[in-house]
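> Next up is a structure, given as structure tokens.
The values are calculated or read from the model by the stated rules, or taken from the named source; none is laboratory data. Computed from a predicted structure; not experimentally measured. Using ideal geometry, Cβ is built from the backbone for each residue, glycine included, and neighbour counts are taken over all protein chains shown. Only protein heavy atoms, including side chains, enter the accessible area calculation; ligands, DNA and RNA are left aside. Shrake-Rupley method; radii C 1.70, N 1.55, O 1.52, S 1.80 Å.
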Amino acid sequence: MINFRSRRFLSGSAPFIPGAAAILLAVAIIIAPEASFKASLTGLTLWWTLVFPALLPFLILSEMLNASGFVHGIGVLLEPLMKRCFRLPGAGGWTLVLGLTAGFPGGAGGVMQLHKQGDITDKEAGRLAAIVHYASPVTLLIVVGTAFLHSPAAGYALLAIHWLSGITAGILSACFTGSRQITFPIPQKSAPSFTGNRPHNKKTSLPRRIHQAAADARSRDGRGFGKVLGESVSSAVQSLMIVGGYMIMFAVVISIVTRLFPQLPALVTASMLEIHLGARTMTSAIAGPEGFVIGGLLGPALLSAGLAWSGICAQLQVLTVLRAANVRFLPFTAVRLLHGLFAFMFTLLLWTPLLHIQSAVLPVLAGSPPAALPQDIGTSLRIWTLAPQILGLQTLLVMLLLLLSAAVKLFTSSRRPSG
């Protein structure tokens, strides 16, 4: 009876919580307008000079690849990996690559695009969004590794651990929440069925299945190139505007919480709420950049866990983008906690070996000159020059995932009884 009343009270008061939070935030800003303005300016600068120029081309590319059917063709090849390991439709394979290489805004946008096309259900959208939620390589290599730690090798070590722990968390979460039977959305009568998700005729050759999946998706989209390009740019900019608004708001929230609770460590507050500000606070608070890299393992492990957690700000951004898919907050956050736990453990195990990798074997990004914390538009222009390297990294990831998918296919085929 008490539990029923508690749930009824919470459900009845839920619509008033955002309004009350907004009023409290406005009161706090009025009490300390100067500090709030400086905090919002910090968030705006970080978003405009790093996040916006770094992610814009990848979000546009994602929208165009979805419309062209390329995603669905790749999804046919990644079906064994996605179905066996993550228990999701094969079309989510490209979204996984997008999340790994473009970060959580790109991953969330890709998931929303698949859901909008009817290729995944609400439940599958929630699980896929949790699995493809990663910090972008630009954040880890340029912002954290080069700008904050002044060590490209440290950035690559964080990136490798971030990817490994995220994939491990995704596979483990699929064991508990994934269904062994993949559900296929019922196609609308006005649109052709989607061959990338439905069961294929085993007599059909693989190249023909890939072509058919891409052709069906392209036919169902039906837009011309000019319209696809225009709507891709509009959608990408709109998504990044949401990201910027959250970053500015949470920069102010972090400033307010720090003033109200001075006994609470600033790195804990920042890391729990916002990923970029949290990484900067943590790297500057623990023995400085040099001591952070060459000192003990606790600092890097905490930083890696914070990057995997990604902050309440990033999580709310994703849920805002995916609001039409009815993604639930608690299951999504549970995967983020699992990602952070694996990142913490893997950092303790792999941090020292990864740092001993010679810079000669690192990709060309390792040779980028160290940069101070971005403060002008020139930084955004330098980031655009890194786009070819990031695209090369994306291509390499696609190849690795395709090889892994082929290995899973061969392994499962060998276990089937003959005859």
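> Among 102-108, 39-45, 55-61, how do they line up from the highest to the lowest mean number of other beta-carbon atoms within 10 Å?
102-108, 55-61, 39-45
> Simple spin-label model, 7 Å along Cα-to-Cβ: SER413 to ARG323 in nm?
It is 4.7 nm.
> Using square roots of five times the C-alpha gyration tensor eigenvalues, list the equivalent-ellipsoid semi-axes of region 237-280 in whole Å, biggest first.
Values for region 237-280, descending: 23, 11, 5 Å.
> Compute the orientation-averaged projected area for region 91-186 from the convex hull of its Cα atoms and round it to one decimal in nm².
About 6.0 nm², averaged over all directions.
> Order the peptides 110-116, 333-339, 223-229 from the highest to the lowest mean number of other Cβ atoms within 10 Å of their residues.
110-116, 333-339, 223-229
> Do the alpha carbons of any pairs in LYS123/LYS227; LYS123/LYS409; LYS83/LYS116 sit beyond 32 Å of each other, and which pairs?
Over 32 Å Cα-Cα: none of the listed pairs.
> In the P(r) worked out for region 77-132, what percent of Cα pairs fall beyond 15 Å?
36 percent
> Percent of accessible area on region 43-114 owned by carbon and sulfur, 1.4 Å probe?
Within region 43-114, the accessible surface is 74 percent carbon and sulfur.
> How would you order 73-82, 265-274 from highest to lowest mean count of nearby Cβ atoms within 10 Å?
73-82, 265-274
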